[in-house]
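Some notes on the structure that comes next.
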Amino acid sequence: MSNLTYSLCFLLFPAIMFAQIEGGQFSGSSASLPMIELFPDASTTAYLGPLVGPSGVSLFFSQQGQRQNIGVDNLSDIWVSYQQSNGQWCKAINIGAPVNNRLANQIVGISSSEDTLFIAENWKALGFSTQQGRRWSNPKPMTILGRSNWAVIADMHVSADGRVLLFSALTDKQDFDLFFSRRLSPTTWGKAQPLGPEVNTTDNEQSIYLAYDGKTIYFSRDGANGFGGQDVYRSKRLDQSWMQWSTPENLGASLNTEANEWALTVDASGKRAYLSREMPEGIGQLLALDLPKQLRPEPATVLKGRLLGEVVPAEVAIAISSVGEEERPRTITVAADGTYQAIIPQGIDVSLSANAEGFFSESNSIALSGDVLEELDYDPSMLTASLEQDETYLKRNEEIQLLQLKLSSLNDNLEAVQQERAAYQEQIAKERAQFE
């Protein structure tokens, strides 16, 4: 039998100190944070659930009202953009079928390896799709035990490690509260429990997002204590029960306005954030900003590696466990080319174990606690250069957009024919009635 050998590299981000909190809101300047509007489109009525991958170079979101959407009646489709080597985001593209269909499609999670998307249909059905080359697989449905207990689920989010589902649901008191569910199997989630009274109030809590540190949540809440509409809040998990949280803090007037702010997402560094804003006139905005240090989650470490050797096994699993942590080891998948990626909380020693049939197991420990970590300049050009130069990829994206425009035109024609048919049927019914 052969040995499994692998190499490792890290994207390390600096530790961060948090500012003092006064009166449930972050103290400091109330001046608005500089924000950049991405992909402005007057036809888009809402940008739902933007999610940035841990590497910070892929941005997924759902657009509602976009004419190129597959869904009927202005239903949302999932779109994606990739950051170019100059830091600019390329033109967003509809990821197409089979992930998008004629229902409302929402992106609710990205795996730490960035090769699995968790998606929802009409905020009811939940599933996941895996990347297969340039395509995404047919979504595989997932079951939530006790799902019938909630008539309305407003938002969902799956953690990057795929272990925890967070969502907002309408309660018997007719307000929206936040819940969590643990994953029992690849396709099954356990019965949900509320996050607890520290987070859930008589106001509406919605649009929850768990940062890559696995502890910090951002969510939106309305109520008299905010700045108008939905405001973004932050809270931190205090233990492994997922029911004990720090007192939520409003992110303040520098970010929140009289409009609705929601769906804040942050990359693994904790610095670059994206959020949705719904303007009073009904136009949606997708905004990018750099979070001030006092608003950021704890930074995380992006672990990247590759299996080495003349022969790479077709199927291999790498188990990662945190030294001293009670949670069971988690397993990450390895791509066909032997590469893998995972998110590790900073400052925690971890152990890796690679296993594959016909190979000797290989283990390795990584000591991250007690070390002073320096920030590394991160250049995404190597990840995006192939996309920019890949003529097949660019041609396929162009073909997809043309097909989506044609589909939109056919849908318009079909709607016109259906209206004409209904008018003829009504006229026939009236003429028949005259002879009866």
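Only the coordinates and a few stated rules stand behind these numbers; no lab work does. Predicted model only: the values in this text are computed from it and were never measured. Quick reminder, even Gly has a Cβ in these numbers, built from the backbone with ideal geometry, and neighbours come from all protein chains shown.
Data table
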read-out: Neighbour-count ranking [beta-carbon atoms within 10 angstrom, fewest first] of ARG306, ARG277, ARG432; value: ARG432, ARG306, ARG277
read-out: Rounded if a/c under 1.5, otherwise prolate or oblate - segment 51-119, Cα gyration tensor axes; value: oblate
read-out: Segments 349-362, 418-431 sorted - mean Cβ within 10 Å per residue, highest first; value: 349-362, 418-431
read-out: Distance violations [Cα-Cα > 28 Å] among LYS271/LYS304; LYS191/LYS215; LYS91/LYS293; LYS124/LYS271; LYS215/LYS293; LYS215/LYS304; value: LYS91/LYS293; LYS124/LYS271
read-out: Overall form of segment 182-297 per C-alpha gyration tensor (a/c, 1.5; a/b vs b/c); value: prolate
read-out: THR171-ALA125 pseudo-label distance in nm [points 7 Å out on the Cα-to-Cβ vector]; value: 3.1
read-out: Fewest-first ranking of LEU238, LEU75, using other Cβ atoms within 10 Å as the exposure measure; value: LEU238, LEU75
